[in-house]
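The values are calculated or read from the model by the stated rules, or taken from the named source; none is laboratory data. Just so we're clear, the structure is a prediction, and the values are computed from it rather than from any experiment. Because the Cβ atoms are built from the backbone with ideal geometry, glycine has one as well, and the counts that use them run over all protein chains shown.
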Amino acid sequence: MTTISAPSPAQADGTASEPVRLFRTGPVAVIEIDNPPVNATSQAVRAGLLEAIREVDLDPEIEAAVIACAGRTFVAGADIREFGQPPREPHLPDVINAIEDCSKPVVAALHGTALGGGCEIALACHGRVVDAKASFGLPEVKLGLVPGAGGTQRLPRLIGTEAAIDLVSSGRNVKAAEALHLGLADRISTGDLRADAMDLARELIGKPLRRTGGVPATRMGAEAAAAKLGEIRRKARGAEAPVRAAELALLAADVPLNEGMARERETFLELRSSEQSAALRHAFFAEREVTRVPGLDNVEPRPVQKVGVIGAGTMGSGIAVAFADAGFDIKVVETSEEALAAGRARVADIYDKQVASGRLTDATRNERLASISYDVGLATLSDRDLVIEAVFEDMEVKRTLFRDLDGILPPGTVLATNTSYLDVGAIADATTRPADVVGLHFFSPANIMKLLEIVKTDTTAPDVVATGLAVAKRLRKVPVVCRVCDGFVGNRILSRYRQQAEYLIEEGALPHEVDAAMEAFGFPMGPFAVSDLAGLDISWARRKRLAPTRDPRERYVDVADRLCEAGRFGRKTGAGWYRYEGGKRIPDPFVTELVEDASRRRGLTRRPISADEIQARIRAAIVNEASKILDEHIVERPLDVDVVMMHGYGYPAWRGGPLFEADRVGLQAILDKVTERAAQDGPGWEPAAGLVSRASSGARFYS
Ligand code: 3H9
């Protein structure tokens with residue numbers, strides 16, 4: 001720690017060598033943490049902070065202190081990279097207790113995101129002043145942890161047990177206004193944050209200090225508490241941390257701070273070495289790593305502000321909203337005034353729903369709606385930097401469209417297709433500038449789903465791929481760069497997942513049993529429920545298209561086709577794999593009959609299939625296909641597959657994605673299952689070479 005006898009610079013430049021500095025310029029000292037990029041509480045920060053607090057305590061000339069941070073944010077948490085190593089002193093809980101116990105007022109000046117350990121530092125201060133744009137949160141559960149430095153014990157004391165349970169179990173962020181309302185913040189700064197925090201510190205000098213740890217927490221009734229825990233457990237879908245965090249918050253009303261903190265620390269250390277936390281930390285870093293694409297280090301993206309979307313159906317309108325939300329200048333085109341009007345209505349509907357649910361104000365909706373322009377015909381797109389087509393999934397339609405665009409768009413415009421299966425290379429070849437063509441595969445609803453597959457062909461220019469990544473960043477999406485193959489990464493794996501689910505029903509399981517098993521695995525919905533939601537007709541049309549080229553030796557289950565022939569297209573027609581009543585899905589004897597008939601026609605004697613077998617077979621199908629994707633260099637790294645499955649398909653993040661998990665489960669066990677299925681199911685089930693060699697050499701995906 002460095003002591004400086006000079007005024008503290010307002011949110012300094014972040015060039016200091018010492019991560020904690022004490023500015024002593026009068027009765028109110030400023031303790032500044034400066035540990036880029038996010039001021040995580042590394043060992044050096046903890047040691048510096050403890051030393052600074054001791055100095056404030058001992059120095060008769062200092063009467064109060066403000067804790068503030070340099071750079072873009074207040075402390076965003078403990079240093080996640082240290083979690084794999086043995087804890088080193090001083091421990092954060094001890095540093096934070098020293099802040100609370102300080103004999104002089106200590107006020108936190110919060111800007112950016114005060115998360116995890118950062119939020120816990122703030123909770124122990126005697127006052128909190130927050131920047132109007134700041135947010136708070138205890139996101140530890142998203143890393144498979146509970147807060148480990150007093151968060152579960154101080155938060156209930158400060159804002160009440162019920163509100164605290166909500167925050168610690170969800171890990172959600174709270175903006176400044178809500179923080180003030182909850183009692184988490186004392187003041188919102190309107191101008192100079194540090195000056196405002198120093199004012200509050202000055203006001204507290206000589207007054208009795210409110211030490212959060214000494215405030216009693218409100219007690220929740222036993223029944224209400226049990227109901228809350230049950231609800232959290234259900235929502236967590238197998239993740240352990242949310243329930244453990246809520247239990248600790250409930251404890252705060254029953255035991256003194258030190259006892260609660262001891263229990264919290266114990267739980268924190270236990271979870272820190274858990275499989276779930278390792279998986280969630282992998283998920284955190286993988287989500288960032290996907291944006292660092294090998295070979296694109298110094299490639300400049302093309303500037304993009306004006307974006308055109310062709311087609312205003314479900315995908316096109318969702319894409320338009322995603323871009324409008326991110327502040328792009330967006331134009332939607334259609335082939336006729338009627339289609340355009342329908343698209344405009346779809347866009348308005350998306351925003352109206354957001355207003356109705358309180359996520360958007362009327363004023364913002366109107367602003368966003370006004371930022372989207374509409375036109376008929378491609379010619380009006382000639383001033384666009386990026387054009388994305390979201391028209392009917394048909395190669396000839398798309399090739400014609402790209403040929404037309406080629407004649408209209410100026411050189412340098414990036415041409416993107418939102419196709420989910422078609423060969424982007426063949427679409428690019430319809431133009432005279434295939435280097436400018438890329439796949440931008442959004443997932444429905446496009447304004448909500450985080451995943452964006454950026455599909456490069458053999459000819460896509462590196463700066464076009466870089467442009468896709470830069471656009472994704474502005475859209476706050478998680479991009480995964482991949483090469484062309486049928487279904488790219490996600491849908492290719494999904495088709496194996498679905499295929500295996502259909503084999504399972506043909507052999508003896510019922511659709512709701514497969515769904516229940518996969519929901520117990522941690523997916524938000526099982527495969528049949530998802531099909532009903534998405535609509536069975538789209539994949540039916542695709543299957544009919546592909547029928548002439550299907551390998552006749554392939555085991556093909558036709559139950560989905562027969563459902564479609566009966567007019568059952570899923571939720572939108574009130575029936576599909578299930579029957580729907582009042583929005584509830586109900587297993588349907590009609591479907592059971594179709595399934596049993598399929599077994600009979602295949603000559604199979606139906607047998608009960610356990611949830612374990614269902615999960616193991618589906619997991620094997622996913623890992624095998626993912627291994628083939630790696631073998632073919634469709635993606636370069638296992639983490640790319642993990643991110644696709646977690647962000648686009650609901651693979652439980654606490655499992656870390658299929659390949660991360662495969663390492664933990666044991667590759668040989670998965671390979672055995674794949675080999676067993678290959679013998680029974682025939683073509684499509686060949687074990688991937690990469691999986692065979694990894695399993696037989698004892699190597700792992702992430703070694
Ligand atoms: C905790 O606090 C436990 C305590 O209760 C108890 C302890 C005893 N550590 O996301 P970005 C890196 S648990 C290490 O791209 P943004 C990140 O990897 C922690 N590194 O920026 C990236 O590095 P790189 C609770 C971290 O502006 C760079 O910083 N806290 C950490 O989009 C920039 O990050 C959390 O869970 C960290 N804690 O978002 C907060 N955080 O450039 C986790 C970030 O090499 N962090 N990095 O790829 C976040 O949510 C976001 O990073 C944040 C900034 C919102 C802060």
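A compact table of results
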quantity	calculated
Count - residues of segment 350-386 that are touching a residue at least 12 places away in the same chain (Cβ under 8 Å), under 21 Å from residue 305 (Cβ atoms), surrounded by 12 or more Cβ atoms within 10 Å (Cβ to Cβ) and not β-branched (Val, Ile, Thr)	13
Tabulated pairs, segment 459-471, first within 24 Å of residue 325 (Cα to Cα), second surrounded by 18 or more Cβ atoms within 10 Å (Cβ to Cβ) and of a type in the set (Phe, Trp, Tyr), C-beta under 6 angstrom, 6+ apart or interchain	none
Checklist (1) buried (at least 24 other Cβ atoms within 10 Å of the Cβ); (2) more than 27 Å from the chain's Cα centre (by Cα) applied to residue 77, failing item	(2)
Residue in segment 255-265 that is within 13 Å of the ligand (Cβ to nearest atom), within 19 Å of residue 168 (Cα to Cα) and surrounded by fewer than 22 Cβ atoms within 10 Å (Cβ to Cβ) present	yes
Entirely in segment 624-703, the helices (runs of 4 or more DSSP H) that have 1 or more residues that are in contact with a helix residue (DSSP H, G or I) (Cβ under 7 Å, 6 or more places away or on another chain) and on the phi > 0 side of the Ramachandran plot	none
Residue that is surrounded by the fewest Cβ atoms within 10 Å (Cβ to Cβ), among those in segment 416-441 that are in contact with a Lys or Arg (Cβ under 8 Å, 6 or more places away or on another chain) and under 30 Å from residue 354 (Cα atoms)	419
Restricting segment 478-514 to residues that are in contact (Cβ under 8 Å) with a residue 40 or more places away in the chain and of a type in the set (D, E, K, R), the residue that is surrounded by the fewest Cβ atoms within 10 Å (Cβ to Cβ)	486
Test result for residue 136, surrounded by 24 or more Cβ atoms within 10 Å (Cβ to Cβ), touching a residue at least 24 places away in the same chain (Cβ under 8 Å), part of a strand (DSSP E or B) and within 15 Å of the ligand (Cβ to nearest atom)	yes
Residues of segment 268-295 classified as more than 10 Å from the ligand (Cβ to nearest atom), farther than 18 Å from residue 238 by Cβ and of a type in the set (S, T, N, Q), total	1
Selection within segment 100-132 - charged (D, E, K, R), touching a residue at least 40 places away in the same chain (Cβ under 8 Å) and either closer than 21 Å to residue 168 by Cβ or touching a helix residue (DSSP H, G or I) at 6+ places or on another chain (Cβ under 7 Å) (or both)	100, 104, 128, 131
Within segment 67-98, considering residues that are assigned to a helix (DSSP H, G or I) and modelled with pLDDT of 95 or more, the one nearest to the ligand (Cβ to nearest atom)	92
Residue in segment 51-63 that is at pLDDT 95 or above, of a type in the set (A, V, I, L, M, F, W, C) and within 16 Å of the ligand (Cβ to nearest atom) present	no
Any hit, segment 603-617, residues being touching a strand residue (DSSP E or B) at 6+ places or on another chain (Cβ under 6 Å) and closer than 30 Å to residue 566 by Cα	no
Single match in 397, 437, 455 (criterion: without any contact (Cβ under 8 Å) to a residue 60 or more places away in the chain and more than 24 Å from residue 322 (Cα to Cα))	397
Matching residues, segment 416-440, being of a type in the set (D, E, K, R) and under 25 Å from residue 314 (Cβ atoms)	423
Qualifying positions in segment 291-312 - surrounded by 23 or more Cβ atoms within 10 Å (Cβ to Cβ) and touching a Lys or Arg at 6+ places or on another chain (Cβ under 9 Å)	307, 308, 309, 312
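Okay, residues lined up against (1) within 24 Å of residue 527 (Cβ to Cβ); (2) surrounded by fewer than 23 Cβ atoms within 10 Å (Cβ to Cβ); (3) out of contact with any Pro (no Cβ under 8 Å at 6 or more places or on another chain):
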site: 633; (1), (2), (3): no, yes, yes
site: 648; (1), (2), (3): yes, no, yes
site: 656; (1), (2), (3): yes, no, yes
site: 664; (1), (2), (3): yes, yes, yes
site: 680; (1), (2), (3): yes, yes, yes
site: 684; (1), (2), (3): yes, yes, yes
site: 692; (1), (2), (3): no, yes, yes
site: 699; (1), (2), (3): no, yes, yes
